[in-house]
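Just below is one structure, and these are the notes that go with it.
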């Protein structure tokens, strides 16, 4: 029951934040220099044509009126027409978001499944060679930008060693599944297209690793730090005195309290990756939304900018909310404190 | 009991690394794979960019077409035409079938014009205020009456695609155009309703457009032409290089950095194709902003530009460069271009001599040298200008602006930087599409016209070129205009741009690889029906 109240409180807060973000981005997008109608129509367009386009985009209305119409359309699922692709922004986002989402999920899995165990091992064998090696690997992940990882991984594992494909989400000629979730690997699995599943997995390995490397390092270092702190507590020494195995101590008594702060950071990393995937998507020609987001800003595509930022913000808030709830579930003190 | 997942993990890894080659192999059909930097727009009423044009000339056709390697306009969907004053009467071919199977007729032409003008996007500006009426006396005849004599009209028609009226009307969605709904915008943004040599089988404007040969094309498509074409968008240069080297991309785009093109062309089976004569690079001088409102100061700037040094920097390999000497505003080969117009000369003494005649004292002005972010060659040029202008006494500041900001600055003469680098590509084979857009007073306020010439005599010459219908006389007008613009030094005519494309030897592209086969229109050199796959 307490958890439900906690959830509702978080949901209400998130909706308020989203509303604030929508106002902010709606205003900020209009402050970017350049007449969107002129940029879209090019230098040869006549003044009348530019004016006609401004009318069509309602740019001559006061900003407050424009915002009101935007909100009205938003409730109908209409984010307007993109001046960049000349298609509905909703279609653009729906056609690109699943690719980015799939990539980010894969990166998050790598980040968690490799980063956390790496931190556990480093904490368990503190100050040993294993710890130092894990620290070095984690540090490399943190300090090297994702696009450097992307180019490095592509050149080594795709170009030189020819183990993975260079670019794209799936090979030409692969049988594509009907869209259910938009996540190619999942949809292919649902349709029983196993060759496509494995082909898509091969395509996602390098971009997902490139995107995950930074977060992986953070996860490892955080887990190590938190686990080390827990290992120093008296109840761990007591557990050792009672002859619990190291494995039991690590997973049963040390990891859970250590994971609370790690989980929070991992959740934030997960959401941030959605916006940061741009350079990785560029390198691997990944047809995702991050690339779209950058292009619409460069071209002052007002509807595209607002739509993209709103989707990323909503995603960020949802992830944040989920993490808060998981953390509250793991640590009852949090939900009681917030009441 | 301890469970071991080792064998399972090993098997899965092996499967991944092996490539799980049960992905269905592609058929024996020939596939051409190429890329372009920007996204692809397939609605012909909205197409403007390079990628759009590449698609446009393959999936749609126009009434007329420019001659390869020349300035003539030739029949295409129209088999002939007559000009009676301001009325152009076209006789259409009777053997042209749309992709839907419908036969093309004069109603389709009238509909295409109406749709383009109503939407008001793409190259509709070429016809804005130009067309008074369109009549279709019979299925094979279209009469277009102009509001006033407009000689570039025929050339402009290479940007008017003929769309299948019936197919569009059958696929209207909700929209702002009354009974015409969205005027087929949703439909034509995902498929084709044209007559072209290729049809669109799938299209994602940000990722990939796949085109297939049209077996019913009215001119026929040679068997050697690619059966399928995959046009990919916005691939990172490092990735492009890897794809070409690995044989996974056949033609690279012209926007790759020269060093990457050089590295790729050193690979076995890769050569460089070129397109010249359709675009130029200018250092635009703001003619309205002191001290550049004085012609002598502008000439001093033109002498401070080191033409040879910059051309050296455009070299891709020893024999191939993406720049060649410019002779005035028009690329050589375009109607009215003139190789007798002297190319600019770097000469700091001559610059100082011109400066001595200028009414302004250089020490009183700080010159703003701008470059658009993402164009490293522009930065190098402005650094060179900063150095050389410093030699003749000017203080300068270099600014970098994103593209959107540059378009904003270009809106007023007061805010337009003193010196702005600009590339301009011919959008039609007619020089008017370049000269009017860049130099006429009615066209100021855009990135293309940041020289703010605003000169009545120049305007009059451009207008004379528009109303004169005799090609020889028009050429003479444009030659005179070219000399005049150089004499006034409205811009620094830096160099002609040469498009350089890495091409794998699996494909032959006549327009890029054979002498005299270039079309003087952006994107038209990628007509896939003219290419042969080896």
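The numbers here are math on the coordinates, done by the rules we state, and not lab data. No experiment lies behind these values; they were computed from the predicted model shown. Every residue, glycine among them, receives a Cβ derived from its backbone with ideal geometry; neighbour counts consider all protein chains shown.
Could you order peptides A:36-47, B:83-94 by the average number of other Cβ atoms within 10 Å of their residues, highest first?
Details: A:36-47: 21.3, B:83-94: 16.0.
Highest to lowest by the protection proxy: A:36-47, B:83-94.
At R0 = 60 Å, how high is the FRET efficiency between residue A:128 and residue B:74 if r is their beta carbon distance? Nearest 0.05 is fine. Please report the intermediate quantities before stating the final value.
Numbers: r = 79 Å, r/R0 = 1.32.
After rounding, the FRET efficiency stands at 0.15.
Between the range B:438-498 and the range A:79-158, what's the alpha-carbon centroid distance in Å?
When both Cα centres are located, 53 Å separates them.
Quickly rank A:91-102, A:239-250, B:398-409 as a protection proxy: mean count of other C-beta atoms within 10 Å, highest first. Walk me through the numbers before you get to the answer.
Numbers: A:91-102: 21.7, A:239-250: 12.7, B:398-409: 18.9.
Highest to lowest by the protection proxy: A:91-102, B:398-409, A:239-250.
Quick one: check the C-alpha center-to-center distance for the range B:359-397 versus the range B:44-59, whole angstrom.
37
Taking the Cβ of each residue in A:259, B:454 as the centre, tally the other Cβ atoms inside 10 Å and list the residues starting with the fewest.
Values: A:259 23, B:454 17.
Result, fewest neighbours first: B:454, A:259.
Within 10 Å of each Cβ in B:208-214, how many Cβ atoms from other chains are there, averaged over the peptide? Intermediate values should be presented prior to the final figure.
Working: counts 4, 0, 1, 0, 0, 0, 0.
Partner Cβ neighbours, averaged per residue: 1.
Calculated FRET efficiency, residue A:260 and residue A:161, Cβ-Cβ r, R0 41 Å, to nearest 0.05? Present the calculation step by step, with values, prior to reporting the outcome.
Working: r = 40 Å, r/R0 = 0.98.
The formula returns an efficiency of 0.55 here.
With a cut-off of 8 Å between alpha carbons and a minimum separation of six or more residues, what is the relative contact order of chain A in percent? Display every interim value, and only then the final one.
On the way: 418 pairs, mean separation 96.8, N = 339.
Contact order relative to length: 29 percent.
For peptide A:149-161, compute the average count of partner chain beta-carbon atoms within 10 Å of each residue's beta-carbon. Each step should come with its number before you reach the end.
Details: counts 0, 3, 4, 0, 0, 4, 4, 0, 1, 4, 7, 1, 1.
Mean partner-chain Cβ count within 10 Å for A:149-161: 2.
With a/c under 1.5 counting as rounded, go ahead and sort the protein assembly as shown into rounded, prolate or oblate using the C-alpha gyration tensor (a ≥ b ≥ c being the square roots of the eigenvalues; past the cut-off, prolate if a/b is larger than b/c, else oblate). Don't skip to the answer; put the middle values down first.
Details: a/c = 1.88, a/b = 1.62, b/c = 1.17.
Prolate is the answer for the protein assembly as shown, as a/c is 1.5 or above and a/b outweighs b/c.
Counting other beta carbons within 10 Å of each Cβ, put A:4, A:286, B:447 in order, fewest first. Don't skip to the answer; put the middle values down first.
On the way: A:4 9, A:286 27, B:447 23.
Fewest to most other Cβ atoms nearby, the residues stand as A:4, B:447, A:286.
With a/c under 1.5 counting as rounded, go ahead and sort the range B:61-168 into rounded, prolate or oblate using the C-alpha gyration tensor (a ≥ b ≥ c being the square roots of the eigenvalues; past the cut-off, prolate if a/b is larger than b/c, else oblate). Walk me through the numbers before you get to the answer.
Values: a/c = 1.35, a/b = 1.18, b/c = 1.14.
Since a/c stays below 1.5, the shape of the range B:61-168 is classed as rounded.
Counting partner chain Cβ atoms within 10 Å of every residue's Cβ in A:79-85, what's the average?
Working: counts 0, 0, 1, 1, 1, 5, 7.
Counting Cβ atoms of other protein chains within 10 Å of each residue's Cβ and averaging gives 2.
Between residue B:423 and residue B:470, what is the FRET efficiency for a Förster distance of 30 Å, r being their Cβ-Cβ separation, to the nearest 0.05? Let's see the in-between values first.
On the way: r = 31 Å, r/R0 = 1.04.
After rounding to 0.05, the efficiency reads 0.45.
By its C-alpha gyration tensor, with a ≥ b ≥ c as the square roots of the eigenvalues, how is chain B shaped: rounded for a/c under 1.5, else prolate for a/b larger than b/c, else oblate?
Numbers: a/c = 1.95, a/b = 1.19, b/c = 1.64.
It is oblate, given that a/c is not under 1.5 and a/b is not larger than b/c.
Once fully extended, how much extra length lies between residue B:82 and residue B:375, figured as 0.36 nm per residue of separation less the alpha-carbon to alpha-carbon distance?
Numbers: separation 293, 0.36 × 293 = 105.48 nm, distance 4.56 nm.
Taking residue B:82 through residue B:375 to full extension adds about 100.9 nm, to one decimal.
Given only helices, namely DSSP H runs of n ≥ 4 each adding -39500 (n - 2.57), what is the per-residue ellipticity at 222 nm of chain A, to the nearest 500 deg cm²/dmol?
Numbers: 15 runs with 243 residues, N = 339.
Calculated from helices alone, the mean residue ellipticity at 222 nm is -24000 deg cm²/dmol.
Please report the antiparallel percentage of the DSSP beta bridges confined to the protein assembly as shown, to the nearest 5. Kindly include the intermediate steps, with their values, before the conclusion.
Numbers: 58 of 73 bridges.
Around 80 percent antiparallel, to the nearest 5.
Beta carbons within 10 angstrom, averaged per residue: use that to sort the peptides B:132-141, A:272-281, highest first. Show your work: numbers first, answer last.
Values: B:132-141: 13.6, A:272-281: 23.1.
By packing density, highest mean first, the sequence is A:272-281, B:132-141.
Using a simple spin-label model with points 7 Å from Cα along the Cα→Cβ vector, what separation in nm is obtained for residue B:102 and residue A:330?
If labels sit at residue B:102 and residue A:330, their model points lie 6.2 nm apart.
With n ≥ 4 as the cut-off for DSSP H runs, can you work out [θ] at 222 nm for chain B, using -39500 (n - 2.57) per run divided by the number of residues, rounded to the nearest 500? Don't skip to the answer; put the middle values down first.
Working: 17 runs with 158 residues, N = 534.
Helix-only estimate at 222 nm: -8500 deg cm²/dmol.
Give me the angle, in degrees from 0 to 90, between the Cα long axis of helix A:129-143 and the longest principal axis of the Cα atoms of chain A, rounded to the nearest 10.
10
If I take every Cα pair under 8 Å that is 6 or more residues apart in the range A:98-298, average their sequence separation and divide by the length, what percent do I get for the relative contact order? Could you put the intermediate results ahead of the total?
Numbers: 269 pairs, mean separation 69.8, N = 201.
Value for the range A:98-298: 35 percent.
Testing the spin-label approximation: label points 7 Å from Cα along Cα→Cβ at residue A:241 and residue A:64. State their distance in nm.
7.0
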